[in-house]
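Written below as structure tokens is the structure these notes are about.
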Amino acid sequence: MTKTISGFSKFTKQEKINWLAKAFFVDADEAIRVLKKYWNEDERLQQLHDEFIENTISNFYLPYGVAPNFVINGEEYVIPMAVEESSVVAAASLVAKFWSSRGGFKSKVLSTTKIGQVHFMFDGDFSELKSYFEIIKPKLLEATEEITKNMRKRGGGILDIELRDKTDKLKNYCQLHVSFETKDSMGANFINSCLEAIAKTFRKEGIEIVMSILSNYIPDCLVRAEVSCKVEDLGENAEEFAQKFCQAVQIANVEPHRAVTHNKGIMNGIDAVVLATGNDFRAVEAGAHAYASKDGNYKSLTNCEINDGIFRFWIKIPLALGTVGGLTGLHPLAKLSLELLQKPTAKELMQIVAVAGLAQNFAALRALVTTGIQEGHMKMHLQNILNQLGATENEKQQLIQYFKKRPVTHNAVVEEFGKIRVQ
């Protein structure tokens, strides 16, 4: 059977599955069974999921968990997380509890400006282009009035349009750099629609429009979150712990190999909440990592200091999030997540998400400078290994008890599991 096909998108879901099963799987019936097993029994809900993307054949589930005991700016939160990594929710929950008795998390939105650009080529005198821009700029804004009308009613819209000369980077390359305020929506479709209207109006002889698109690099859409307490309140061996913790952050600020893994840990917490609330985790990831490189070297997104006996740990990160529009209003669990978070505004969600990232980083660094990362991670991973081995509930309890005071490795678990099965 050929594995090249035309008109696939026009097939029914069942026809798509049948073709895939026959063309790519040894056991076609088993492949079909697995795909159908994850269909939602509620046909209306399944149809909703089918229409999110093209060529839907099933649903791919992630665990949906919650991390309780977060105190942010004096308010109590239970934070929803959609994530497959075993230790993320547990770590966030432990850190939330730890800081809840030490003043909780403080968070503040610093700015909310988003960016879009019209990229074009111009082979001519830039001063003439600048004169043309100054004349036509009011018309560029006029061209978006119908698009921005509702957003302007909510206090958002286009903040400014700038002409930028980029010919030092690429021959003949210039751009219109447009700044936006999108209030409680992430605003991607809004921004792109505005940019295309601006580009259409800006066209003239000598200007070759290449593309019009929003940017996921948003260094002026920033939020800051922090925790602080007296060093002595950090617990056992507080002085040594605080020093090593700060050194770990300092290392991530000077060593890119460490910084990448350090920031990945931050994103474990951030992505989980972004996913759970129906936001775009890929845009958030791209923007965060670009921000980590803004000074020319890839660095930590968090910082730490000890001054006058006070330990302070904070994060500053760009986050473009929405609480209206997109999947936030369509996906039932995304809507539920936002209700669980007390129906936050986009600014409030930025603060919550930044806190989740900071909490995750605190958990990882605390483990790294004390017991090491593997002890806690492998304890959590034990359940996954036991499930892979097909352990019964009784066997799971025996093995969990056995490994309470022993290091968990895959080989060790398999070996002990074999001994129990032989008995």
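Some observations on this one:
- When each of GLY269, GLY325, GLY329 is tested for being under 30 Å from GLY156 (Cβ atoms), of a type outside the set (A, V, I, L, M, F, W, C) and under 15 Å from the mean Cα position of the chain (by Cα), the lone residue that passes is GLY269.
- Residues in the range 25-55 that are without any contact (Cβ under 8 Å) to a residue 40 or more places away in the chain, touching a helix residue (DSSP H, G or I) at 6+ places or on another chain (Cβ under 8 Å) and loosely packed, with under 13 Cβ neighbours inside 10 Å: ASP29 alone.
Table: residues versus (1) surrounded by 12 or more Cβ atoms within 10 Å (Cβ to Cβ); (2) of a type in the set (D, E, K, R).
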{"site": "LEU141", "(1), (2)": "yes, no"}
{"site": "GLU145", "(1), (2)": "yes, yes"}
{"site": "ARG154", "(1), (2)": "yes, yes"}
{"site": "ASP165", "(1), (2)": "yes, yes"}
{"site": "VAL178", "(1), (2)": "yes, no"}
{"site": "THR182", "(1), (2)": "yes, no"}
{"site": "PHE190", "(1), (2)": "yes, no"}
{"site": "GLU196", "(1), (2)": "yes, yes"}
{"site": "LYS204", "(1), (2)": "no, yes"}
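- Filtered residues of the range 66-97 (kept if touching a residue at least 40 places away in the same chain (Cβ under 8 Å) and assigned to a strand (DSSP E or B)): VAL66, ALA67, PHE70, ILE72, GLU75, TYR77, VAL78, ILE79, PRO80, MET81, ALA82
- Pairs where the first residue, in the range 380-404, is among the β-branched types (Val, Ile, Thr) and the second is crowded, with 17+ Cβ neighbours inside 10 Å, C-beta under 6 Å, 6+ apart: ILE385/VAL413
- Any hit, the range 112-125, residues being without any contact (Cβ under 8 Å) to a residue 24 or more places away in the chain and charged (D, E, K, R): yes
- Restricting the range 392-411 to residues that are out of contact with any Phe, Trp or Tyr (no Cβ under 8 Å at 6 or more places or on another chain) and either outside the structural domain of LEU382 (by TED's automatic domain parsing) or aliphatic (A, V, I, L, M) (or both), the residue that is surrounded by the fewest Cβ atoms within 10 Å (Cβ to Cβ): ILE400
- Members of the range 198-257 that are acidic (Asp, Glu), touching a residue at least 40 places away in the same chain (Cβ under 8 Å) and touching a helix residue (DSSP H, G or I) at 6+ places or on another chain (Cβ under 8 Å): GLU226, GLU232
- Residue list for the range 108-156, filter: of a type in the set (A, V, I, L, M) and in contact with a strand residue (DSSP E or B) (Cβ under 8 Å, 6 or more places away or on another chain): VAL109, LEU110, ILE115, VAL118, MET121, LEU129, LEU140, LEU141, MET151
- Selection from the range 98-153 of residues that are closer than 25 Å to PHE190 by Cα, within 32 Å of the chain's Cα centre (by Cα) and in a loop (DSSP other than H, G, I, E, B): LEU110, SER111, THR112, THR113, THR144
- Tally, over the range 262-287, of residues that are part of a loop (DSSP other than H, G, I, E, B) and either more than 26 Å from ILE213 (Cβ to Cβ) or free of Cβ contacts under 8 Å to residues at least 12 places away in the same chain (or both): 0
- Screening TYR173 on (1) assigned by TED's automatic domain parsing to the domain that holds MET151; (2) under 21 Å from the mean Cα position of the chain (by Cα); (3) not β-branched (Val, Ile, Thr) shows it passes everything except condition (2).
- Residue in the range 294-309 that is assigned to a helix (DSSP H, G or I) and among the small types (Gly, Ala, Ser) present: no
- Residues that are without any contact (Cβ under 8 Å) to a residue 24 or more places away in the chain and more than 20 Å from CYS221 (Cα to Cα), drawn from the range 288-319: ASN307, ASP308
The values are calculated or read from the model by the stated rules, or taken from the named source; none is laboratory data. If you're wondering where the values come from, they're calculated on a predicted model, not measured in any experiment. Quick reminder, even Gly has a Cβ in these numbers, built from the backbone with ideal geometry, and neighbours come from all protein chains shown.
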